[in-house]
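The values are calculated or read from the model by the stated rules, or taken from the named source; none is laboratory data. Not measured: the values here are computed from a predicted model. All Cβ positions, glycine included, derive from the backbone under ideal geometry; neighbour counts span all protein chains shown. Heavy atoms of the whole protein, side chains included, go into the accessibility calculation; ligands, DNA and RNA do not. Shrake-Rupley method; radii C 1.70, N 1.55, O 1.52, S 1.80 Å.
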Amino acid sequence: VIETLESGDQSVERNNDTDIVPPVYKRLETTLIVVFTILVFISLLLVLYISMTRRLKCEIKQKMNAEASLRVSELEKEAILNGISSHIAFLDPDLKVRWVNKRIEDVLGKSTEQLRGEHCYKLWAEIDEPCTNCPSAKALSSGKSERSLMTDSQGVIWDSRGEPVFDNEGNVTG
């Protein structure tokens, strides 16, 4: 039981243990509770921020590792394909160059970047439409390895092969 006593300008509360608590202490107690609640809330926000920061750092590290692995894989692919003495070109379904190995770059005197997007028949045979009996065109439509003897614009005969490249769903992509 708490009773309120008034004496002059000041009122006090007394509980049944005969403690006297001035109102100023009641206000202080309320203020402390509010401050404590705010500190708890700030602490929770800080914990959440730290957790999210750690997760973000982990995701960034994983992405950087994946990008580094991809760069290494690309360099390995390039080293392998450039080390082969055969002429190798990766063509899209429209017979446009996506990538060529060093051997083709040397023969044509152009880099992959300069050749990318060019039709192979314009580069080899210097014509405006796909070559008759083109093994790459055949491989794109049949989905199987194809082979033909082809003649370039200088009359040189090439034993050419077309090897289809498939995506994860089995579709020919080049």
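Descriptive notes on the structure:
- Solvent exposure of the chain, expressed per residue, is 76 Å² of accessible area, with all protein chains present and a 1.4 angstrom probe.
- Taking a straight line from the alpha carbon of Lys138, these lysines sit under 21 Å away, with near neighbours fewer than eight places off in the same chain left out: Lys96, Lys122.
- Computed label-point distance, nm, for sites Leu39 and Glu113 using a 7 Å Cα→Cβ extension: 6.0 nm
- Bridging of Lys63 to lysines at a Cα separation below 24 Å is possible for Lys77, once same-chain residues fewer than 8 apart are set aside.
- Residues Phe166 and Ala68, FRET efficiency given R0 of 35 Å [Cβ-Cβ distance, rounded to 0.05]: 0.85
- Cα lying deepest toward the dipole's positive end in the chain, options Val40, Ile84, Asn171, charges on Cβ: Ile84
- Were the residues from Leu46 through Arg27 laid out at 0.36 nm apart, the gain over their Cα-Cα distance would be 4.0 nm.
- Applying 1/(1 + (r/R0)^6) with R0 = 25 Å to the Cβ-Cβ distance of Trp158 and Lys77 gives a FRET efficiency near 0.60.
- Of the peptides 120-126, 165-171, 86-92, the ranking by mean beta-carbon count within 10 Å, highest at the top, reads 120-126, 86-92, 165-171.
- Estimated from helical segments only, the mean residue ellipticity of the chain at 222 nm is -16500 deg cm²/dmol, where each DSSP H run of four or more residues counts as -39500 (n - 2.57).
- Among the listed values [x] 58, 37, 28; [y] 65, 41, 28; [z] 120, 30, 25, the one computed from these coordinates for Cα extents along the principal axes in Å is [z].
- Other residues within the sphere of radius under 11 Å centred on the Cβ of Lys122, judged by their own Cβ, net out at -3 (K and R +1, D and E -1).
- For a 4.7 Å threshold on C-beta separation, the list of partnerless cysteines in the chain reads Cys58, Cys120.
- Carbon + sulfur, % of accessible area of region 39-174 - ligands and nucleic acids excluded, 1.4 Å: 56 percent
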